[in-house]
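Below you'll find the structure, written out as structure tokens, and then a few comments.
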Amino acid sequence: MSPRRTDTGGRVDRLKTIRFTFDGAPYTGHAGDTLASALLAKGVTLYGRSFKYHRPRGLLTAGVEEPNALVTVLKGKVREPNIPATMVEIHDGLVAISQNRFPSLAWDINAVNQLGGKILSAGFYYKTFMGPVFGPLKGTRFWMFCEHFIRRAAGLGSAGSAKDPARYERMNAFCDVLVVGSGPAGLMAAKAAADQGARVMLADLEPLFGGSANWSDETIDGAPAADWARRTVAQLAGRDNVRLLPRTTVWGYYDNNTLAALERVSDHKEQPGKGEPRHRYWAIRAKSVVLATGAFERPLVFPGNDRPGVMLAHAAERYANEFGVLPGERIALFTNNDSAYRAAVALKKAGAAVVAIADVRPELSPEMRKLAAEAEAEIFAGHAVVATEGGKALSGLKLQRFDMTNGTLIGDPRSIHADCLLMSGGWSPTIHLASQAGAKAEWNAARQAFLPPKPTQSWIGAGAFTGSFSTLEALAEGRAAGLAAAGGQSTQSMLPTVEAVPGDPDPAPVFEIRAKGKSFVDFQHDVTAEDVRLAHREGFVSVEHLKRYTTLGMATDQGKSSNVPGLAIMAEALGKPIPEVGTTRFRPPFAPVSIGSLAAERFGDLKPERLTPMHDWHLANGATMYSAGLWYRPMIYGLSGETVEQAYVREAKATRERAGIVDVSTLGKIAVQGPDAALFLDRVYTNMFSTLAVGKARYGLMLREDGLAFDDGTTWRLGEQDFLMTTTTANAGKVMQHLEYFLDVIWPELKVHVTSVTDEWAGAAIGGPKAREILATCVTGTSVDNATLPFMGIVRGEIAGVPVMICRLSFSGEMAFEVYSGAGYGTHVWEALVEAGKPFGLVTYGLEALGTMRIEKGHVTGAEIDGRTTARDLHLDWMLSKKKPFIGSAMMDREGLIASDRLELVGLIALDNRPLNGGAHIVEEVDEANPHGSIGHITACCYSPALGKHIALALVKGGKARQGTRAHVSDSLRNRFGPVEIVSNHFFDPDGSRMHG
Amino acid sequence: MLITCPYCGPRDVIEFTYQGDGNRERPDPASQNFEAWNAYVYDRLNPAGDHNEIWQHSGGCRTHLKVVRNTLTHEISSVAFMRGDHGRGDHGSAARRKAEDKS
Ligand SMILES: [Zn+2]
């Protein structure tokens, strides 16, 4: 047992030893320990270096509000920075390291920053680095020079770059009553609501329910408070209308009583359980919420208040009672209120010597004097701490007589020898969630604290959260809140009895002791009281500006302990009362939230996938798959030893020479049906569809309302009132929504129904000189000759006993047919086609060959219909009907959209016969050293087997007029420069003789 | 935020897609009034308070809904089908709806 660990008491299991490392050194702790309590038990005083000045810092708190002791936890290659050591539960194999120190925590070269403290005072960055450049070392350019060094020196932990392999989940939950916080108030509320039969959820960010009951020396119903809490939790756990969520931080309060919470499911384990996520994000809809989130103790602001060994009074009480760890052997206290006396007694009982209690108040109640006597502590009433001594640990402090009516110090300071100084500056109710939910907090002069606002949503407060700091009040308010939240009537049953240490909840209105030396307000961002006053002298009067200028309260702890002292100092500087200076509105999240939990099932093994009916066949036949949105599509069917380029060149070549088949099931398919279907399509497409004969298909183009190109595809007329529209794979959902919008909102009088049928059909496109012969051998029930199935014709027949619909249309530029069958028969029909093609040398081809052939043909896709191009830019103006208005027709002729210098679609041929790159700029003259003068960019590129050249499609300013001229690619990112010839986008078979056959 | 779909009941906002300002009036398709088209395509009201909005229940029944939402509080005071009370196409054009709003 280490000297600082008490023999009994607390939540730790002294029989279970846990091994972990901190900064590479091995340590042991016990089950139930946090990293903070385990290290404290080993006498560790130094936990980190401060943000700006690299001052040594120790533990300030025992909970979520910890600003100093931030660590990085390493799991394999994954590093998670900036976690309070107070929130890390130790487990075997835990690896934690300290932050913001170089080369080591104990010897930090940047600690010299604190010698020149003035350099980094408030507004340092603005003053030094903003504004015009005068000379070489000032202003913005100076910032660019210094940024690297400053970012390295000032900051928190660094994020890792390794991919996070952990799993995250999202859970939606509903309940009648959500109780946030499991102290005496929260437990009573949960119990009262559950007794009414309400569905209750109880969440607490700590692993152990009980809140202050876990560390107070009080008794409830005659038993130690912690035992009462255990018993109550056990009762709740046994009920099937109660869900207990330990390690769960409720971090957001949104509209309609929707709350967001983060459950740390397996961070405290060496290995997560089977199927267990690391974190779970809870979206909770609660009919009613009980906020029993307690209060945060405030530090006092005085010189040297950040030295390791200076800690909040209740934190020491927690370490002693909840973890069985003494934060020091000779302890002094400094307070402006009664609650610290309870800590003095607790530490004395746990075995420490309490050497002094300095209280800013000149008059102390007999009860407090009695408690001090019990702690065997000397009282210094009307005194303040004016300095602390020591380096990486506290060695002593200086006291001076203090007049709290005017803040002056009197007489000479006297020294006290102590290795731990506990401070208490009063308590601030944890009103964050209530503030997020709506109205402004209200200042209470007696409590010297912001109390929760009137509810604007359905919540009820209880306990310290409302400013009722005694346990008896917490129990009473908790029960009332639980009953009211569950819609129950108040009962006459007895409240539990409480034996508590007495104390006045109201502190003296003292926040700061002004004496020589740095007095910290915001420990995490290194903001001192002087910084706040400096900001005031420089004209900052609004709290919001003050925050931004000094960065007060803007670190990862969001000023949980610093907001109120900061405001108080600002108020004093302004000569205004605190409520007139105002408070800042709290915003979510209450505590940092892992991004992984927000992304949850959208990534990793829970992400949805869309697979075509032939997916397994592709895998079994050597396809390399490519993810396109949620879809998976074959990229190539590579032969062994083939590169991707070799494979697609072979596939495209074989298709043009013989035949190829490709899976086109991913194309969006929408059934457009009804008496007004043809009229509707005339309005939606730029060209006519009412004139299309039944049994024929037509290529169509859609614009957006603003006149820019939206999507293209073929639409098949299957019957007088029955059309099958196809869309690009990527825009299928958008087009569907577009059609629904117009039918529902703009033209509700049209009798048309649209249905997404993408997943009902399997599609195979078979093209090439041999395609028709292949079909002829396997299609029954119809002929596929030119008379029966002309270009853009549709026939119905059967393949291998399965009904199919065949449309003769071409994306590859070859004579080609799209064969559609019911999705369930997709593989069956595909296999029959592949089998029928064998004697003809049919190949399967993937997206790469598909893309190559479309570039050769100059067809557009999403890379060219990019939301900025018009039909004219893409040479599709022949599709713009002049006989009718259509969506976009009124806006498409605006000046800017018909200007002559617009980016227009062209083809490019690399004259140096080297590969081109998508995204590369096109310039008239190459200037490798100073690239400029872009006249456009490449949208798609490939090696063209048909031309034997590296070619590309590009959007180039006034491109049509430049055809036949030379330009250059200029791609400094990939260092690719070289001459190109600008040509028509129709590289291959421009008159379409191959597909028309 | 919850939107009470007349078909599906109260549902979370993540099931819905915002489809824009419900106060816009689409000019007659053949109209060459460029000002009117420009207003329809680009102008949006941005009131601090009640706002007529169009939401599609895209993760549900897919109907478009006419929603009055308070932009300050997210309070939703009314939800109706864009196509009229029974989802039939009998409730007239945008212009007619506009006239009804004013009356
Ligand atoms: Zn619905």
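The values are calculated or read from the model by the stated rules, or taken from the named source; none is laboratory data. It should be emphasised that the depicted structure is a prediction, and the values quoted were computed from it without experimental measurement. Virtual Cβ from ideal backbone geometry, glycine too; neighbours counted across all protein chains shown. We work out accessible area using only protein heavy atoms, side chains counted, and drop any ligands, DNA or RNA first. Shrake-Rupley method; radii C 1.70, N 1.55, O 1.52, S 1.80 Å.
The table below lists the values:
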read-out: Overall dimensions of chain A by Cα: Rg and Dmax, Å; value: 36.8, 114
read-out: A:Lys392/A:Glu442 FRET efficiency (R0 41 Å; Cβ-Cβ; nearest 0.05); value: 0.45
read-out: Cα-Cα over 18 Å, subset of A:Lys398/A:Lys518; A:Lys669/A:Lys696; A:Lys653/A:Lys857; A:Lys16/A:Lys269; A:Lys734/A:Lys884; value: A:Lys734/A:Lys884
read-out: Cross-link reach list, aspartates and glutamates versus A:Lys52, counting only Cα pairs under 18 Å and skipping chain neighbours closer than eight places; value: A:Glu66, A:Asp108, A:Glu147, A:Asp306, A:Asp522, A:Asp526, A:Glu530, A:Asp531, A:Asp557
read-out: Rounded to the nearest 20 debye, dipole of the stretch A:851-997 from Cβ charges on Lys, Arg, Asp, Glu; value: 500 debye
read-out: Hypothetical label at A:Leu611: residues of the stretch A:628-646 whose amide nitrogen lies under 16 Å (7 Å Cα-Cβ projection); value: A:628, A:630-635
read-out: Positive-pole candidate from A:Gly382, A:Pro308, A:Asn321, dipole of the stretch A:299-425, charges at beta carbon; value: A:Pro308
read-out: Chain A: calculated mean residue ellipticity at 222 nm from DSSP helix runs of at least 4, using -39500 (n - 2.57); value: -6500 deg cm²/dmol
read-out: Fully extended contour minus Cα-Cα distance, from A:Val926 to A:Ser993, at 0.36 nm per residue; value: 20.3 nm
read-out: Extended-chain gain in nm, criterion 0.36 nm per residue less alpha-carbon gap, A:Leu495 and A:Arg585; value: 28.8 nm
read-out: Karplus-derived HN-Hα couplings along the stretch A:526-533 (A = 6.51, B = -1.76, C = 1.60, θ = phi - 60°), whole Hz, x at Gly and Pro; value: 6, 9, 9, 4, 5, 4, 5, 5
read-out: Positive-end extreme of charge dipole, chain A - chosen from A:Gly596, A:Ser934, A:Asn444 (charges on Cβ); value: A:Ser934
read-out: Distant-in-sequence amide H partners of A:Asn305 (H built 1.01 Å from N, under 5 Å); value: A:Phe520
read-out: Computed magnitude of the charge dipole of the stretch A:785-940 (debye, nearest 20; Cβ of K, R +1, Cβ of D, E -1); value: 780 debye
read-out: Difference of contour (0.36 nm per residue) and Cα-Cα distance, A:Lys274 to A:Lys884; value: 213.3 nm
read-out: Cα long-axis angle, helix A:732-741 against chain A (0 to 90 degrees, to the nearest 10); value: 90 degrees
read-out: Two-site FRET efficiency, A:Arg239 against A:Thr782, from Cβ-Cβ distance with R₀ of 60 Å, rounded to 0.05; value: 0.30
read-out: Per residue value of the accessible surface for the protein assembly as shown (all protein chains in place, 1.4 Å probe), Å²; value: 41 Å²
read-out: Spatial separation of Cα centroids for the stretch B:19-54 and the stretch A:609-645, in angstrom; value: 45 Å
read-out: Carbon + sulfur, % of accessible area of chain A - ligands and nucleic acids excluded, 1.4 Å; value: 54 percent
read-out: Built amide H within the under 5 Å cut-off of A:Ala418, gap 5+; value: A:Gly396, A:Leu397
read-out: Point-to-point label distance, A:Glu657-A:Ser415, nm (Cα→Cβ direction, 7 Å offset); value: 9.6 nm
read-out: Check: chain A dipole with +1 on Lys, Arg Cβ and -1 on Asp, Glu Cβ, in debye; value: 1240 debye
read-out: Selection from A:Leu208, A:His30, A:Gln737, by position along the positive dipole direction of chain A (Cβ); value: A:His30
read-out: The stretch A:163-242: relative contact order as a whole-number percent, Cα under 8 Å and 6+ apart; value: 29 percent
read-out: Phi-based couplings in Hz for the stretch A:874-884 (Karplus 6.51, -1.76, 1.60; Gly and Pro marked x); value: 9, 6, 10, 5, 5, 8, 8, 5, 9, 8, 7
read-out: Under 5 Å, built H, 5+ apart or other chain: amide partners of A:Gly160; value: A:Arg79
read-out: Gyration tensor (alpha-carbon) shape descriptor, the stretch A:668-758, a/c threshold 1.5; value: rounded
read-out: Ordering of A:25-37, A:869-881, A:459-471, A:653-665 by burial proxy (mean other Cβ atoms within 10 Å per residue, highest first); value: A:459-471, A:653-665, A:25-37, A:869-881
read-out: Spin-label pair A:Lys734/B:Asn70, simplified geometry with 7 Å Cα→Cβ offset, distance in nm; value: 3.6 nm
read-out: Contact order normalised by residue count of chain A, Cα under 8 Å, 6+ apart, percent; value: 9 percent
read-out: Solvent-accessible area of A:Asp227 with every protein chain in place, 1.4 Å probe, in Å² to the nearest 10; value: 80 Å²
read-out: Pairwise centroid distance, computed over Cα atoms, of the stretch A:476-522 with the stretch A:433-447, Å; value: 15 Å
read-out: List of the stretch A:255-278 residues, accessible area with partners at least 10 Å² below that of the chain alone (1.4 Å probe); value: A:Asp255, A:Asn256
read-out: Estimated FRET transfer efficiency (A:Ala106, A:Lys349; beta-carbon r; R0 41 Å; 0.05); value: 0.75
read-out: Protection proxy ranking of B:3-9, A:298-304 - average other beta-carbon atoms within 10 Å, highest first; value: A:298-304, B:3-9
read-out: Gyration tensor verdict on the stretch A:900-996 (Cα atoms; rounded if a/c is under 1.5, prolate if a/b is larger than b/c, oblate otherwise); value: oblate
read-out: Rounded tilt (10° steps) of A:644-657 against the dominant C-alpha axis of chain A; value: 20 degrees
read-out: Whole-Å distance, taken between Cα centres, linking the stretch A:806-858 and the stretch A:870-917; value: 29 Å
read-out: Buried area at the B-A interface (accessible, heavy atoms, 1.4 Å probe, summed, Å²); value: 2400 Å²
read-out: Cα gyration tensor category, rounded, prolate or oblate, for the stretch A:299-425 with a/c compared to 1.5; value: oblate
read-out: Mean separation of Cα contacts under 8 Å (6+ apart) over length of the stretch A:900-996, as relative contact order %; value: 37 percent
